[in-house]
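*Asks:* Questions regarding the structure given below will be posed in turn.
The values are calculated or read from the model by the stated rules, or taken from the named source; none is laboratory data. As the structure is a prediction and not an experimental result, all values here were calculated from the model. Here the Cβ is made from the backbone with ideal geometry for all residues, glycine too, and neighbour counts use every protein chain on show. We work out accessible area using only protein heavy atoms, side chains counted, and drop any ligands, DNA or RNA first. Shrake-Rupley method; radii C 1.70, N 1.55, O 1.52, S 1.80 Å.
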Amino acid sequence: MAETPRREDNGHEGHPFAQMITIGVVAAVIGTAITLLMSWFPTNAAGSAGKIDTLYDVLLIVSVPIFVLVMTVAIYSVWRFRARPGDMSDGAPIHGNTRLEIIWVTIPFLLVTGLAIYGWITLNDIEAKQPDELVVNVTGQQFTWTFEYPAQKVKSPELVLPVDRPVHFKVHTKDVIHSFWVPQFRLKSDAVPGVTTRIRVKPDRVGNYEVVCAELCGIGHATMRNRVRVLPKTGFDAWIAKQRGGGAAGGGGGGAPSGKQLFTANGCDSCHTLADAGATGNVGPKLDDIAAAAAKFGKARHESARNYVRESIVDPRAFTVPGFPKNVMPTTFGKDLSKRQIDALVGYLLRVGGGKG
Ligand code: CUA
């Protein structure tokens, strides 16, 4: 092959290095400014959120310029040193550059080590045990959350917290892996079968937020959201008192369990539509006309409408309404609910699910 001189040796004025670095630095400054101007997070509603936002800004300031600089140099080189049409010659042989290699290993090593130490200090700070913690047991299941306040003996489908009091969440799951996340608190923790994971948060802003499941957990993952209310201390105490008096979670209160409360407390509303309970889920069948469906499918299965509905709750794998995915409805309700509670739920569903007629 004929030896043709390389293009860069062949009549280009000056060294392109300064020009390349100048373009790279300008692009890096612009890129960093844009990312810092972006609003990455929702309202900040917990003491730790400020530290996490600062950490995120530091990560942006360190990583964005490097990314933009490297990409600019790469794109510049591809464009500036491209081969002319018909130039089939090899590049000049390069043996390496020890000084450059030491520099590009040492700088990232120092950066990553520094960031790891900073992150560790911040996490340690956020996770420190605090006095007067409110303990809340969080349980994920397909596709809802329940919250239990062991000291107050209250269970609720809604997460209600007093403002300015540290909360210690103990996170569990009944089935698959979920992830407990309130974006306004920033912290997130996976709910892992057989394991209790923990996070500590001190909400410092009264308001309404949402728990989001942040781990793909099945067909209803996107609807796995529950309300969070942060209240002043007096409002929280009043809420606890009301829960204990009313047995709103369908717990062991004295009176007959309310089917409607059981329906929402057990998360049925996150997958099913039922106008009477204000539920709009669409993972499972609509229940507004469950009486007619129970008559029809029950007859085919030689069981009464009542038994059909009961079976659908305690043994949902036995029969799936055509057109709906199998193996989605949790099988835990037969264990979690008492016979009285299941009776109340079945009666309620047949009463309000009588269709339009
Ligand atoms: Cu639970 Cu996604």
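*Asks:* If you add up the charges near Ala238, with Lys and Arg at +1 and Asp and Glu at -1, over every other residue whose beta carbon is less than 13 angstrom from its beta carbon, what do you get? Before the final figure, lay out each step's value.
*Replies:* On the way: positive: Arg229, Lys233, Lys242, Arg244; negative: Asp237.
Its environment carries a net charge of +3.
*Asks:* Among DSSP beta bridges lying fully in the chain, give the percent that are antiparallel, nearest 5.
*Replies:* Taking every DSSP beta bridge within the chain, about 70 percent pair in antiparallel fashion.
*Asks:* Moving on to the next point. Taking 0.36 nm per residue of separation and subtracting the Cα-Cα distance, what length does fully extending Ile66 through Phe41 add? Kindly include the intermediate steps, with their values, before the conclusion.
*Replies:* Numbers: separation 25, 0.36 × 25 = 9.00 nm, distance 2.31 nm.
Going from the current span to full extension adds 6.7 nm.
*Asks:* Follow-up question, since we're still on this one. Counting only protein heavy atoms, what percent of the accessible surface of the chain is carbon or sulfur at a 1.4 Å probe?
*Replies:* Working: 12580 of 20500 Å².
The computed percentage sits at 61.
*Asks:* Local charge sum around Leu349 (other residues, Cβ-Cβ under 14 Å, Lys/Arg +1, Asp/Glu -1)? Each step should come with its number before you reach the end.
*Replies:* Values: positive: Lys260, Lys286, Arg306, Arg310, Arg351; negative: Asp269, Asp276, Asp288, Asp289, Glu311, Asp343.
Net charge around Leu349: -1.
*Asks:* About the Cα centre of the chain, how large is the charge dipole given +1 on each Lys and Arg Cβ and -1 on each Asp and Glu Cβ? Please answer in debye to the nearest 20. It would help to have the intermediate numbers written out before the result.
*Replies:* Numbers: 39 positive and 31 negative charges, 339 e Å.
Rounded to the nearest 20 debye, it is 1620 debye.
*Asks:* Something else now. Which entries of Lys155/Lys296; Lys174/Lys260; Lys174/Lys326; Lys202/Lys242; Lys299/Lys339 have Cα-Cα distances beyond 26 Å here? Before the final figure, lay out the partial values.
*Replies:* Details: Lys155/Lys296 36 Å; Lys174/Lys260 23 Å; Lys174/Lys326 18 Å; Lys202/Lys242 23 Å; Lys299/Lys339 23 Å.
Check vs 26 Å cut-off fails for Lys155/Lys296.
*Asks:* For the chain, list the DSSP H helices whose alpha carbon atoms reach 27 Å or more along the long axis and whose average Kyte-Doolittle value is 1.0 or above?
*Replies:* Numbers: long enough: 17-37 (30 Å, 2.08); 49-80 (45 Å, 1.47); 98-126 (42 Å, 1.23).
Within the chain the helices that satisfy the rule are 17-37, 49-80, 98-126.
*Asks:* Among the aspartates and glutamates, select those whose C-alpha is under 18 Å from the C-alpha of Lys153, and discard any that sit fewer than 8 residues away in the same chain.
*Replies:* Hits, sequence-local ones excluded: Asp132, Glu133, Asp237, Asp336.
*Asks:* Given a 1.4 Å probe, how much area per residue of segment 265-357 is accessible, in Å²?
*Replies:* Values: 4940 Å² over 93 residues.
It amounts to 53 Å² per residue over segment 265-357.
*Asks:* Another question, if that's okay. Select from Pro93, Pro16, Pro232 the residue whose mean-square fluctuation is largest in a Gaussian network model of the chain (Cα-Cα springs shorter than 10 Å).
*Replies:* In the Gaussian network model the winner is Pro93.
*Asks:* Right, another one. Got a sec? Which residues in segment 45-80 would a label at Arg205 touch, if it sits 7 Å along Cα→Cβ and we count backbone N under 20 Å?
*Replies:* Only 45-58 pass the distance filter.
*Asks:* Right, here's the next one. First measure r as the distance between the Cβ atoms of Lys170 and Tyr56, then evaluate 1/(1 + (r/R0)^6) with R0 = 30 Å and state the FRET efficiency to the nearest 0.05. If you can, show how the numbers build up before the last one.
*Replies:* Numbers: r = 26 Å, r/R0 = 0.88.
Plugging the Cβ-Cβ distance into 1/(1 + (r/R0)^6) gives 0.70.
*Asks:* If the cut-off is a Cα-Cα distance under 19 Å, which aspartates and glutamates reach Lys129, setting aside same-chain residues fewer than 8 apart in sequence?
*Replies:* Result set, ordered by chain and number: Asp164, Asp204.
*Asks:* What FRET efficiency, computed as 1/(1 + (r/R0)^6) with R0 = 22 Å and r the Cβ-Cβ distance, is obtained for Ile34 and Ala116, rounded to the nearest 0.05? Spell out each step's value before the answer.
*Replies:* Details: r = 26 Å, r/R0 = 1.19.
Result of the calculation: an efficiency of 0.25.
*Asks:* Under a point-charge model restricted to the Cβ atoms of Lys and Arg (+1) and Asp and Glu (-1), what is the dipole moment magnitude of segment 191-318 relative to its Cα centre, in debye to the nearest 20? Numbers along the way, then the final one.
*Replies:* Details: 18 positive and 11 negative charges, 68 e Å.
In total the dipole reaches around 320 debye.
*Asks:* To continue, here is another question. Whole number in Å², please: accessible area per residue of segment 134-249, 1.4 Å probe, ligands, DNA and RNA not counted.
*Replies:* Values: 4900 Å² over 116 residues.
The answer is 42 Å² per residue.
*Asks:* When N is the residue count of the chain, what does its C-alpha Rg come to as a fraction of 2.2 N^0.38 Å?
*Replies:* On the way: Rg = 29.9 Å, N = 357, 2.2 N^0.38 = 20.5 Å.
Relative to the rule-of-thumb radius for its length, the chain sits at 1.46.
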